[in-house]
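Here's the structure we're looking at; comments come further down.
Readers should treat all values here as calculations from the given coordinates under stated rules, not as data from a laboratory. Predicted model only: the values in this text are computed from it and were never measured. Here the Cβ positions follow ideal geometry from the backbone for every residue, glycine too, while neighbour counts run over all protein chains shown.
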Amino acid sequence: MPRPANTQHATRNTKVPHLVRLLLAWFSQNARDLPWRRTHDPYGIWVSEIMLQQTQVKTVIPYWERWMRELPTIAALAKANPDAIHKLWEGLGYYTRVRNMQKAAQDIVTKGQIGVNAHPHPGPLPRGEGETLERFRKTRCDETQSSAYEFPERFEDVLALPGIGRYTAGAICSIAFNQPTPILDGNVIRVLTRVFGIGENPREKNTNAQLWNLAEQLVIHATRDTRHASPASHLNQSLMELGALICTPRDPKCLICPISKHCFAFQNNRVSDFPNLDKRPAATARRFAAFVVEHRGSFLVRQRPAGVVNAHLWEFPNVELNGAPIEPAAAAHEVLGFVPKDLKAFCTIKHSITRYRITVEAFRTSATNRKSASLSRWLSLAELHKLSFPSAHKKILKSITVEEQHRPR
């Protein structure tokens with residue numbers, strides 16, 4: 001158990017002014033050129049923040065660019081076909097995120113939310129002992145308002161949207177509107193626990209509150225720096241960027257860190273002690289048998305029902321084996337209702353989702369007719385490629401496509 005440093009909780013930390021100055025200077029010279037950093041459009045920033053949840057930047061870039069081409073506005077997202085948004089999201093996983101995005105867009109359209117697009121910095125925080133975050137939130141820009149269905153500006157309104165928590169709301173309000181709303185994700189937690197020597201588990205209530213307090217002190221102090229057009233935006237992004245590029249979980253680059261001389265962990269040779277997180281649970285193995293059933297050029301697929309993981313996505317008929325040895329004929333009878341005569345092994349897919357290590361053994365067969373169960377359809381290969389599949393089943397579809405391309409005609 002790491003020994004906690006003598007840190008301050010609610011009081012203003014004396015490191016804050018030095019950290020803000022160094023972080024803003026570092027970010028101005030070292031920020032990555034990411035497509036969502038070239039816009040102040042709150043809609044585009046919102047999309048990026050949702051996509052970046054539990055997903056690496058390099059993975060998100062092509063998804064974000066494609067999404068913004070296909071659905072460039074809140075109104076376009078609100079009225080999009082659910083199959084279309086699932087297809088655009090296909091491969092990112094955690095599909096509840098995209099369904100909540102559409103619900104939020106529909107809420108904005110329903111309420112006729114008017115907002116200001118592409119905010120500049122509205123000015124520094126008022127100085128004095130009485131300044132508060134709430135006072136700043138009430139300040140408004142003088143710019144002409146744009147058309148309806150813009151993303152809401154007030155932090156409370158953003159937080160009230162489906163699928164948006166405190167971190168995401170803070171990120172959107174600070175980056176899009178330059179409001180001094182704090183952020184606290186895994187990268188920021190790692191930076192703050194190391195810099196301030198916070199040895200308690202950051203998931204504990206009091207420690208988490210302490211970290212939010214420090215994050216708020218930093219972003220509020222940044223707004224006093226009138227040399228920057230977007231100090232709150234840049235400060236929050238600098239914390240995320242430092243955690244992603246320099247203050248990494250393993251092998252951090254402390255020797256080139258711009259704030260290392262103010263870092264408790266580095267100065268005390270205890271970087272590996274922070275953050276003090278619980279050990280991850282051991283990975284759980286799960287095995288499935290899936291069946292590629294063909295009838296005269298069409299394939300049997302089914303849509304997952306609402307309320308389950310990967311709801312509304314499409315998949316090949318399958319069953320979880322629950323530790324039992326694979327008996328393809330018995331599994332096929334359970335899933336398809338009959339035992340195919342020409343059942344043969346097709347491909348094996350290995351896939352990881354959070355703490356699960358999934359193996360899907362796919363078998364191929366043919367059917368003599370097109371009888372199918374509810375939520376199931378017979379579709380051509382071209383039609384299958386228009387649907388959205390979970391990652392493992394998308395790999396099965398890719399294997400089918402390759403085999404069909406090489407089949408003698």
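When 1/r is averaged over all different Cα pairs and the result inverted, which Kirkwood radius in Å belongs to the stretch 284-405? Write down the numbers at each step before the final one.
Details: mean 1/r = 0.0683 Å⁻¹.
Computed over Cα pairs of the stretch 284-405, the Kirkwood hydrodynamic radius comes out at 14.6 Å.
Assuming R0 = 25 Å, can you tell me the calculated FRET efficiency for the pair Arg355 and Glu204, based on Cβ-Cβ distance, to the nearest 0.05?
After rounding to 0.05, the efficiency reads 0.70.
Relative to the longest principal axis of the C-alpha atoms of the chain, give the angle of the C-alpha long axis of helix 231-245, reported between 0 and 90° and rounded to the nearest 10°.
For helix 231-245, the angle is close to 50 degrees.
Against the longest principal axis of the chain, how steep is helix 391-405, in degrees 0 to 90 to the nearest 10, with axes from Cα atoms?
So the helix axis and the longest Cα principal axis differ by about 50 degrees.
Quick one, which of (i) 24.1; (ii) 21.5; (iii) 27.0 is the actual Kirkwood radius over Cα pairs in Å calculated for this model?
Here the calculated entry is (i).
How far is helix 166-177 tilted off the main Cα axis of the chain, in degrees rounded to 10, range 0 to 90?
So the helix axis and the longest Cα principal axis differ by about 70 degrees.
Provide Lys205, Lys111, Lys87 in ascending order of the number of other Cβ atoms located within 10 Å of each residue's Cβ, fewest first.
By the 10 Å Cβ count, ascending, the order reads Lys205, Lys111, Lys87.
Once you put a point 7 Å from the Cα of Arg296 and another 7 Å from the Cα of Lys103, both along the Cβ direction, what distance in nm separates them?
According to this spin-label approximation, the distance is 4.2 nm.
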